[in-house]
Amino acid sequence: EALARALDALPKVDLHCHLEGTMQPATVVELAHKNGVALPTDDPAELYSYSSLDEFLTVFWLVQSTLVDRDDWARLAHEAVTASARHGVVHQECFFTPTRHLASGQRLAGIVAGLDEGLSAAETETGTTCRLVVDMDRAFGPEAGRQLVEELVDLRSAGSPGAERVIGVGMDSTELGVDSTTYAPAYDVARAAGLRRTGHQGENATARQVAKCLDALGLERVDHGVPVLDSAVLTARMVDERIPITVCPTSNVVIARCFDRLEDHVLPRMRAAGLLATVNTDDPALSDLDLGREYAAVAEAFGWGWNQMVEIALDGIEASWLDDSEKADLR
Ligand code: HPA
Ligand code: ZN
């Protein structure tokens, strides 16, 4: 329909997208064969099936395990940006979560150089820009997280190829049984090095835990933030400080299952409360999504028209970590 087509073409930013979650099933199968990784099935419909965040993470980890050498990372990054650019994405700040690969012997320098190679080629082809945010995997604990951030800081100061493209740090993966404030030492290292700071909070965590993370970790953005409205104090603070929430509405329905239907999502209440709540994809290939379709789904679910969706796109630009002149160029 006309609005959906217009929203697909609308220039948009994606601030919450995991590179590994952009991998098309055919690419997973190809890389698995190339790298000798056993898959439970070659059927994409079966490969990408899960019914909770922790089940999803098992699939995500399987996808990650097919990424072995520098060329694999370059291919992943190139395919991610050329795919998003086809749906109106003009700038993205993408996560990658290398803890698992580092634990199995890959080097961060090679991963980052590979990603940079693929991203540079895709940027030239499409005009879409992409910066990287390295995520700590909470399944590996805060000490592994701190080491990852230290290694990134070292690569940046050594001028390692592509390291300057990684502008921030975050954390993802499970929240169950995790006290995310224990990642404070890692975030302290990031802050001291001038890196930006975000974190997944609130797929399976409470508003109180989100608030504690803002204080303990110095988060500048919150990824997901589903329970924020449960606390009037936290909501008022995030409104006043314009701390962005990178909301992923469809993901919250199909991955973490915070809501039964998109129509039940708190996004309209977040925006009505004055929160800087933006719309993002999370894991587009693993949830059969792109940002154009996500904007159309949100518009349809909440009865929003063109003007409201343009407001969301503009809020995405504000919430990005571009500098003021880069933001002005996108508006
Ligand atoms: N939540 C937590 N970890 C993740 C996600 C997510 O939505 N996607 C990829 N890793
Ligand atoms: Zn995510």
Exercise for the section: Considering only the stretch 68-119, state which residues are out of contact with any Lys or Arg (no Cβ under 6 Å at 6 or more places or on another chain) and on the phi > 0 side of the Ramachandran plot. Expected result: Gly105
Completion exercise
The condition of being in contact (Cβ under 8 Å) with a residue 60 or more places away in the chain, under 24 Å from Val89 (Cβ atoms) and surrounded by fewer than 24 Cβ atoms within 10 Å (Cβ to Cβ) holds, among Asp223, Asp283, Asp288, only for Asp288
Handout entry: helices (runs of 4 or more DSSP H) lying entirely in the stretch 1-118 (those with 2 or more residues that are surrounded by 16 or more Cβ atoms within 10 Å (Cβ to Cβ) and aromatic (Phe, Trp, Tyr))
Key = 53-65
Completion exercise
With the first residue restricted to the stretch 247-264 and required to be away from ligand 1 (no atom under 12 Å from the Cβ), and the second required to be of a type in the set (S, T, N, Q), Cβ contacts under 8 Å at 6 or more apart or on different chains are Phe259/Asn252; Leu262/Thr250
Exercise for the section: Please tell me if Gly305 is touching a helix residue (DSSP H, G or I) at 6+ places or on another chain (Cβ under 9 Å), surrounded by fewer than 17 Cβ atoms within 10 Å (Cβ to Cβ) and small (Gly, Ala, Ser). Expected result: yes
Exercise for the section: Tally the residues that are within 12 Å of ligand 2 (Cβ to nearest atom) and at negative phi, restricting the search to the stretch 222-234. Expected result: 3
Exercise for the section: Test Val134 against the stated conditions and say whether it is without any contact (Cβ under 8 Å) to a residue 60 or more places away in the chain and buried (at least 19 other Cβ atoms within 10 Å of the Cβ). Expected result: yes
Practice task
Just need a number here: residues in the stretch 174-214 that are within 16 Å of ligand 1 (Cβ to nearest atom), of a type in the set (Ser, Thr, Tyr) and either free of Cβ contacts under 8 Å to residues at least 24 places away in the same chain or surrounded by 21 or more Cβ atoms within 10 Å (Cβ to Cβ) (or both).
Solution key: 3
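Readers should treat all values here as calculations from the given coordinates under stated rules, not as data from a laboratory. Keep in mind it's a predicted model, so treat the numbers as computed, not measured. Using ideal geometry, Cβ is built from the backbone for each residue, glycine included, and neighbour counts are taken over all protein chains shown.
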